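Q: Below you will find the structure I want to go over with you.
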Amino acid sequence: MYKFLIRPLVFLLDAETAHHFSFRAIKILSKLGLSGLFRKAFAINDPLLEREVFGLKFKNPVGLAAGFDKDAKLYNELSDFGFGFVEIGTLTPKPQDGNPKKRLFRLLDDEAIINRMGFNNKGVFEAVEQLKKKHRVFIGGNIGKNKLTPNENAIKDYLICFEALFEYVDYFVVNVSSPNTPGLRELQDKEPLTNLLKKLKRQNGKLAKKRAVKEKPILLKIAPDLTDDQLLDIVSIMADTAIDGIIATNTTISRKGLKSHLIISEEKGGLSGKPLAKRSTEVIRFLAEKSNKAFPIIGVGGIHSAEDALEKLDAGADLIQLYTGFVYEGPSLVKKINQAILAKAQSNTQ
């Protein structure tokens with residue numbers, strides 16, 4: 001129904017307009033009492049789907065990536081589509097409008113999206129107010145820096161977001177890999193990244209001790225465009241900082257092999273969707289092998305089918321996330337992936 005009826009109608013709209021329309025529609029339908037129907041249609045509850053990763057027990061390994069629910073307004077409603085966790089953000093200390101529109105583009109021939117949103121969000125403190133509601137799902141807090149904050153002061157932005165969200169999210173994601181904030185990816189270099197992660201780790205310990213709770217898992221989200229030497233640096237940084245995991249990967253600046261017209265495919269921004277699938281899996285496999293699976297990996301990038309998801313898991317991912325695949329395939333994709341994972345688990349227990 002989604003691919004043949006709903007998607008063609010939604011895709012008549014500009015991509016960003018369609019996103020906001022879909023967002024409002026989900027909210028309205030949930031308020032009309034359809035949450036239970038969504039859960040019945042899409043959610044699968046089975047102990048064989050559960051995954052314990054970085055100290056959290058996820059009801060299933062399929063999550064929604066950051067960027068869909070930037071301001072933490074719809075996480076409970078989105079969980080009704082069967083997600084095991086929802087990642088909000090990227091959030092910054094101060095509200096910001098992001099980059100000028102038009103900034104979101106569909107590449108239909110490639111089943112892909114280019115975005116240059118630029119961390120548009122209402123600020124971390126607005127998100128905190130939204131997060132005070134009871135959660136029906138694990139929440140990840142994806143944090144970044146404001147566009148106008150110079151890199152030498154970036155740590156302050158990350159610490160502000162970390163402290164503000166500490167009581168309200170289940171894990172953190174440090175986003176230094178978006179291509180849409182000038183200079184941000186420079187923070188992936190070994191020295192500044194190590195410094196940033198160590199300071200967040202220390203703050204984690206202080207806040208946990210102050211509140212008499214466990215430390216929150218901290219994950220690093222990396223770009224797919226890193227070289228093998230840079231990925232080896234990431235493995236080294238993970239050992240040095242003892243943070244809890246990696247998200248592989250963010251969007252790519254590569255445009256290799258695209259079918260879409262140059263007018264669209266050469267738009268500036270990060271590319272997501274099917275063209276990213278192979279590279280993100282390569283990064284997952286490289287990190288898993290070179291680290292001897294020393295840390296958990298969340299695999300994201302180009303998952304448009306259950307087979308794509310299983311490929312990521314087989315490469316070394318412990319959990320996976322969807323975004324562009326969710327847009328193109330609809331909520332049934334979550335169920336199909338969980339069904340495939342469950343079928344594989346059942347066959348392994350026989």
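Q: For segment 25-80, how many residues meet the condition of being assigned to a helix (DSSP H, G or I) and touching a Gly at 6+ places or on another chain (Cβ under 6 Å)? Break it down into steps so the answer makes sense when it comes.
A: As a first pass, look at segment 25-80 and keep what is assigned to a helix (DSSP H, G or I): 25-42, 47-49, 75-79.
Filter again for touching a Gly at 6+ places or on another chain (Cβ under 6 Å), leaving 42.
Adding up the residues that qualify gives 1.
Q: For segment 266-283, does any single residue satisfy the condition of being among the small types (Gly, Ala, Ser), out of contact with any Asp or Glu (no Cβ under 8 Å at 6 or more places or on another chain) and over 28 Å from residue 190 (Cα atoms)?
A: no
Q: Also, quick follow-up: From the list 110, 189, 157, 170, which residue is touching a residue at least 60 places away in the same chain (Cβ under 8 Å), among the acidic types (Asp, Glu) and under 21 Å from residue 251 (Cα atoms)?
A: Of 110, 189, 157, 170, the one residue that is touching a residue at least 60 places away in the same chain (Cβ under 8 Å), among the acidic types (Asp, Glu) and under 21 Å from residue 251 (Cα atoms) is 110.
Q: Report yes if residue 210 is at pLDDT 95 or above, open to solvent by 10 Å² or more (accessible area, probe 1.4 Å), touching a strand residue (DSSP E or B) at 6+ places or on another chain (Cβ under 7 Å) and not in a loop (DSSP other than H, G, I, E, B), otherwise no. First the steps, then the outcome.
A: Details: at pLDDT 95 or above: yes; open to solvent by 10 Å² or more (accessible area, probe 1.4 Å): yes; touching a strand residue (DSSP E or B) at 6+ places or on another chain (Cβ under 7 Å): no; not in a loop (DSSP other than H, G, I, E, B): yes.
When the stated conditions are applied, residue 210 does not pass them.
Q: For residue 231, state whether it is part of a strand (DSSP E or B), open to solvent by less than 10 Å² (accessible area, probe 1.4 Å) and under 21 Å from residue 312 (Cβ atoms).
A: no
Q: Filter segment 4-54 down to the residues that are of a type in the set (D, E, K, R), closer than 21 Å to residue 115 by Cα and in contact with a helix residue (DSSP H, G or I) (Cβ under 9 Å, 6 or more places away or on another chain) and list them by number.
A: Of everything in segment 4-54, just one residue is of a type in the set (D, E, K, R), closer than 21 Å to residue 115 by Cα and in contact with a helix residue (DSSP H, G or I) (Cβ under 9 Å, 6 or more places away or on another chain), namely 7.
Q: Shifting gears a bit: Determine which single condition residue 116 fails, assuming it passes every other condition in (1) of a type outside the set (A, V, I, L, M); (2) in contact with a helix residue (DSSP H, G or I) (Cβ under 9 Å, 6 or more places away or on another chain); (3) within 19 Å of residue 187 (Cβ to Cβ); (4) open to solvent by 10 Å² or more (accessible area, probe 1.4 Å).
A: Every condition holds for residue 116 apart from (2).
Q: Which condition does residue 288 not pass, out of (1) at pLDDT below 95; (2) open to solvent by less than 20 Å² (accessible area, probe 1.4 Å), if it passes all the others?
A: (1)
Q: I'm checking my understanding of the structure. Among residues of segment 309-334 that are surrounded by fewer than 24 Cβ atoms within 10 Å (Cβ to Cβ) and within 19 Å of residue 286 (Cβ to Cβ), which one is nearest to the chain's Cα centre (by Cα)?
A: 318
Q: Within segment 3-18, does at least one residue satisfy the condition of being closer than 23 Å to residue 320 by Cα and surrounded by fewer than 19 Cβ atoms within 10 Å (Cβ to Cβ)?
A: There is at least one residue in segment 3-18 that is closer than 23 Å to residue 320 by Cα and surrounded by fewer than 19 Cβ atoms within 10 Å (Cβ to Cβ).
Q: Further question: Looking at segment 84-102, which of the residues that are part of a loop (DSSP other than H, G, I, E, B), out of contact with any helix residue (DSSP H, G or I) (no Cβ under 6 Å at 6 or more places or on another chain) and open to solvent by less than 20 Å² (accessible area, probe 1.4 Å) is nearest to residue 312 (Cα to Cα)?
A: Residue satisfying both the conditions and the ranking: 84.
Q: For segment 335-350, which positions are farther than 20 Å from residue 40 by Cα and open to solvent by 50 Å² or more (accessible area, probe 1.4 Å)? Lay out the reasoning, then the answer.
A: So in segment 335-350, the residues farther than 20 Å from residue 40 by Cα come out as 344-350.
Passing the criteria: 344, 346, 347, 348, 349, 350.
The values are calculated or read from the model by the stated rules, or taken from the named source; none is laboratory data. A quick note: this is a predicted structure, and the numbers were derived from the prediction, not measured. Cβ coordinates were reconstructed from backbone atoms using ideal geometry, including for glycine residues, and neighbour counts include every protein chain displayed. Surface accessibility is based on the protein's heavy atoms, side chains included, excluding ligands, DNA and RNA. Shrake-Rupley method; radii C 1.70, N 1.55, O 1.52, S 1.80 Å.
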